[in-house]
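S.K.: Here it is: the structure, laid out below.
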Amino acid sequence: MLKEIMEQPDAVRRTLEGRLKDSGISFDNLNLDTKMLKNLSRIQIVACGSAYHAGMVGKYVLEETLRIPVDVDIASEFRYRNPVVNQNTLTIVISQSGETADTLAAALQAKKQGSYVLAIVNVVASSIAKMADGVIYTYAGPEIAVATTKGYSTQIVQLYLLALLIAEKLETLSHERISEAIESLKLLPEAIESALKEAENIKKLASVTNSDNSVFFIGRNIDYAVALEGSLKLKEISYIHSEAYPAGELKHGTIALIEEGTAVFALCACERLNEKMLSNIKEVSARGARVIACLSDQSSSIKKEVQAVIKIPKTDPLFTASTEVIPFQLFAYYTALSKGCDIDKPRNLAKSVTVE
Ligand code: BG6
């Protein structure tokens, strides 16, 4: 798993390769018909596990750039809720293995109901890749550890590229904004490398958290989507209970669980919401929480309200998930390592669940 965490800058370079042209975004043999896109009433994302969390990042990025409603569903829920999907729905299915049974079944159902099914997968010629109307491969290389890292990181980059491609076709972003975003994407591998340099700080943090029986991750907007993935990583490999919560929602019940010493990660890469995050941090601190903030803005007044800070590099506001997820992959890894867990093959888990 550590090898795959460290491979992410190169995996992101590979997933970007050949898709960032001077003329804009291009995917080989993906023909998204502009007329179909112009008639879209909504976009439906369907996936499981970390791929679902990648879809949550995609929701914020696609809605921000396309101004089209985006729904994200867990595949096992989508397929049994009689979903309203038709020819005016673009269904994006995300799967590292391309073999997850619930995701495959959901994709087949969406296709049967007339929706264009676009697959974002890592394994070439996998079942989901073969049934989809369009396929975007992530080229992350083989991913062996059960808990995905580079698979997730390359999925969210493909969602960024897809958002910019459709924004070009629908003219929902200016050429200047698209060019600016493309320049930021070119710098993403280096930004991830810089985030990986915090590993020693994260290792120290993990040593003081490995005895906790519950850890909270709170955030807003894309930070909440990353909080979901950070929480799952910790649960999957260290077996410590954890919960990700929208920071603004904590006060409506779950804050009852915060007590003296409870570890709370406050994800604050979405800088325009940091004032709101500051009040959420004060809420949990007042109840005794030990707050660790993940910050891209090192001048933020949040620094003096928390016990520890994880620094991440600034990136385009659309792409913060790519740098912010890194410390939480490392945190889960070092916590599990200090507990002597089997990190690559965690108990009860499979790399791909090909049964219901
Ligand atoms: C789980 C894996 O079994 O399935 C997760 O342990 C993964 O890492 C999830 O995110 C979905 O798998 P896939 O292959 O469809 O992305």
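S.K.: Please go through the stretch 156-211 and give me each residue that is surrounded by fewer than 19 Cβ atoms within 10 Å (Cβ to Cβ), touching a Pro at 6+ places or on another chain (Cβ under 7 Å) and of a type outside the set (D, E, K, R), ordered by number.
M.R.: 194
S.K.: Name the residue, out of 324, 356, 305, that is open to solvent by 30 Å² or more (accessible area, probe 1.4 Å), closer than 18 Å to residue 51 by Cα and among the charged types (D, E, K, R).
M.R.: Numbers: 324 fails: open to solvent by 30 Å² or more (accessible area, probe 1.4 Å); 305 fails: closer than 18 Å to residue 51 by Cα.
Of 324, 356, 305, the one residue that is open to solvent by 30 Å² or more (accessible area, probe 1.4 Å), closer than 18 Å to residue 51 by Cα and among the charged types (D, E, K, R) is 356.
S.K.: Pairs please, first residue from the stretch 95-117 and in the same structural domain as residue 83 (by TED's automatic domain parsing), second anywhere and within 7 Å of the ligand (Cβ to nearest atom) and not polar (S, T, N, Q), Cβ atoms under 6 Å, 6+ apart in sequence or on different chains.
M.R.: 95/51; 96/151; 100/48; 100/353; 102/48; 103/47; 103/48
S.K.: While we're looking at this one, here's another question. Can you name every residue in the stretch 129-154 that is open to solvent by less than 10 Å² (accessible area, probe 1.4 Å) and assigned to a loop (DSSP other than H, G, I, E, B)?
M.R.: 138, 140, 145, 147, 149
S.K.: Another one. Hey, residue 318 hits all of (1) open to solvent by 10 Å² or more (accessible area, probe 1.4 Å); (2) among the aliphatic types (A, V, I, L, M); (3) within 19 Å of residue 209 (Cβ to Cβ) but one; which does it fall short on?
M.R.: The number of the failed condition is (3).
S.K.: Would you confirm whether or not the stretch 339-346 contains a residue that is touching a Phe, Trp or Tyr at 6+ places or on another chain (Cβ under 8 Å) and among the charged types (D, E, K, R)?
M.R.: Pass one, the stretch 339-346, residues touching a Phe, Trp or Tyr at 6+ places or on another chain (Cβ under 8 Å): 339, 341, 343, 346.
Pick out the ones that are also among the charged types (D, E, K, R) and you get 339.
Looking through the stretch 339-346, at least one residue is touching a Phe, Trp or Tyr at 6+ places or on another chain (Cβ under 8 Å) and among the charged types (D, E, K, R).
S.K.: If you don't mind, another one. Filter the stretch 197-225 for residues that are over 21 Å from residue 60 (Cβ atoms) and acidic (Asp, Glu) and give the result.
M.R.: Of everything in the stretch 197-225, those that are over 21 Å from residue 60 (Cβ atoms) and acidic (Asp, Glu) turn out to be 198, 200, 212.
S.K.: Is it the case that residue 281 is away from the ligand (no atom under 16 Å from the Cβ), more than 22 Å from residue 192 (Cα to Cα) and crowded, with 21+ Cβ neighbours inside 10 Å? Working first, answer last.
M.R.: Details: away from the ligand (no atom under 16 Å from the Cβ): yes; more than 22 Å from residue 192 (Cα to Cα): yes; crowded, with 21+ Cβ neighbours inside 10 Å: yes.
When the stated conditions are applied, residue 281 passes them.
Condition check ((1) within 16 Å of the ligand (Cβ to nearest atom); (2) more than 24 Å from residue 325 (Cα to Cα); (3) modelled with pLDDT under 95) across all residues:
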position: 10; (1), (2), (3): no, no, no
position: 14; (1), (2), (3): no, no, no
position: 18; (1), (2), (3): no, yes, yes
position: 32; (1), (2), (3): no, yes, yes
position: 55; (1), (2), (3): yes, no, no
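S.K.: A further question follows. Tell me which strands (runs of 3 or more DSSP E) are completely within the stretch 39-115 and hold 3 or more residues being open to solvent by less than 10 Å² (accessible area, probe 1.4 Å) and not acidic (Asp, Glu), or say none if there are none. Break it down stepwise before answering.
M.R.: Numbers: elements: 42-47, 70-74, 89-95.
Per the criteria, 42-47, 89-95.
S.K.: Also: For the structure I just gave you, tell me whether residue 218 is open to solvent by less than 20 Å² (accessible area, probe 1.4 Å), touching a Phe, Trp or Tyr at 6+ places or on another chain (Cβ under 6 Å) and either outside any loop (DSSP other than H, G, I, E, B) or more than 16 Å from the ligand (Cβ to nearest atom) (or both).
M.R.: Numbers: open to solvent by less than 20 Å² (accessible area, probe 1.4 Å): yes; touching a Phe, Trp or Tyr at 6+ places or on another chain (Cβ under 6 Å): yes; either outside any loop (DSSP other than H, G, I, E, B) or more than 16 Å from the ligand (Cβ to nearest atom) (or both): yes.
When the stated conditions are applied, residue 218 passes them.
S.K.: Are any of the residues in the stretch 328-338 modelled with pLDDT of 95 or more, of a type in the set (A, V, I, L, M) and within 16 Å of the ligand (Cβ to nearest atom)? Explain how you work it out, then say what you get.
M.R.: Initial filter on the stretch 328-338 (modelled with pLDDT of 95 or more): 328-337.
The next check asks that each one be of a type in the set (A, V, I, L, M); those that pass are 330, 332, 336-337.
When the remaining residues are screened for being within 16 Å of the ligand (Cβ to nearest atom), the result is 332, 336.
Within the stretch 328-338 (the criterion being modelled with pLDDT of 95 or more, of a type in the set (A, V, I, L, M) and within 16 Å of the ligand (Cβ to nearest atom)), the answer is yes, since at least one residue qualifies.
Yes/no matrix, rows are residues, columns are (1) part of a helix (DSSP H, G or I); (2) open to solvent by 10 Å² or more (accessible area, probe 1.4 Å):
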site	(1), (2)
228	yes, yes
233	yes, no
236	yes, yes
245	no, yes
264	no, no
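S.K.: Another question, if that's okay. Residue 312 - would you say it is among the β-branched types (Val, Ile, Thr) and over 27 Å from residue 177 (Cα atoms)?
M.R.: No.
S.K.: Residue 85 - would you say it is at negative phi and more than 16 Å from the ligand (Cβ to nearest atom)? Talk me through it step by step, then tell me what you get.
M.R.: Details: at negative phi: yes; more than 16 Å from the ligand (Cβ to nearest atom): yes.
Against the criterion (at negative phi and more than 16 Å from the ligand (Cβ to nearest atom)), residue 85 qualifies.
S.K.: May I pose another question? Hey, residue 274 hits all of (1) under 17 Å from the mean Cα position of the chain (by Cα); (2) farther than 22 Å from residue 147 by Cβ but one; which does it fall short on?
M.R.: All conditions pass for residue 274, except number (1).
The values are calculated or read from the model by the stated rules, or taken from the named source; none is laboratory data. Note that the structure is predicted; figures quoted are calculated from it, not measured. All Cβ positions, even for glycine, are placed from backbone atoms using ideal geometry, and neighbour counts span all protein chains on display. The accessibility values were calculated without ligands, DNA or RNA, using every heavy atom of the protein model including side chains. Shrake-Rupley method; radii C 1.70, N 1.55, O 1.52, S 1.80 Å.
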